[in-house]
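Let me begin by presenting the structure, written as structure tokens, before commenting on it.
Bear in mind that the values in this text are calculations on the coordinates, not laboratory data. For clarity, every value in this text was computed on a predicted model and none was experimentally measured. No Cβ is skipped: glycine too gets one built from the backbone with ideal geometry, and neighbour counts run over all protein chains shown.
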Amino acid sequence: MEEQQDANTIQLNLAKFQRNAGRDYNEYFIPSNIKLVLATTPQVELDALAEDNGRMFRYRFGFSATRRVRQQVVALQQTYDLSDSEIRWLKHAGHLRISRADMTIDPSRLMPITGWIQLVIFSIVCIGMVFQVAFSGAPEWKQGLGQTILAAIWFGGASVLLKLYVVPWNTMKRSGVIGT
């Protein structure tokens, strides 16, 4: 039996990583989007890419920074074993202060206190609206619908307030970035 090769078949894959899978066949990894790169690339390589490439850093952490600050952020992440989303939320909450030359950590207790105060005020307002709907002269189904909508608004607002003000501070406390 003679093996025949089809001269019309050409397999071409281009990328950084390759594998020689057989005689005349080289296999390459070509990601279709950046999320696939983040999901399949080892953490060490992602850190090196983020330090060297500002666009990769921006996509990964959600903000732009100079090379020196990028190195400090990656070092902070490695030191305290923080995830990419935790770094992002620390920046959104204002606990990571970024300048052109330096990154500083602001472990202010004022942020979670402010978050809890805003949550209490928001809850009181929502409870007042629920009572206003309950004691209105509207039909029962409209009252139920109004109370359900207000409950959904309260859950959404409370989760945003907690995630923006309280959770980043708790993350810093649990990871050891700040002392107890």
* Ratio of the Cα radius of gyration of region 28-180 to 2.2 N^0.38 Å, where N counts its residues -> 1.41
* Asked: Taking Rh as the Kirkwood radius computed over C-alpha pairs, what is the Stokes-Einstein D of region 74-140 at 20 °C in a medium of viscosity 1.002 mPa s, expressed in µm² per second?
  -> 140
* Any idea what Rg and Dmax come out to for region 110-175 if you just take the C-alpha atoms, in Å? -> 15.3, 52
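Taking the Cα centre of region 47-180 as origin and charging only Cβ (+1 Lys, Arg; -1 Asp, Glu), how large is the dipole, in debye to the nearest 20? Intermediate results must be reported in sequence, preceding the final value.
Numbers: 15 positive and 9 negative charges, 68 e Å.
Value, rounded to 20: 320 debye.
Any idea what the alpha-carbon Rg over 2.2 N^0.38 Å comes to for region 41-105?
Details: Rg = 10.5 Å, N = 65, 2.2 N^0.38 = 10.7 Å.
Scaled against compact globular proteins, the figure is 0.98.
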* Between region 129-180 and region 102-117, what's the alpha-carbon centroid distance in Å? -> 21
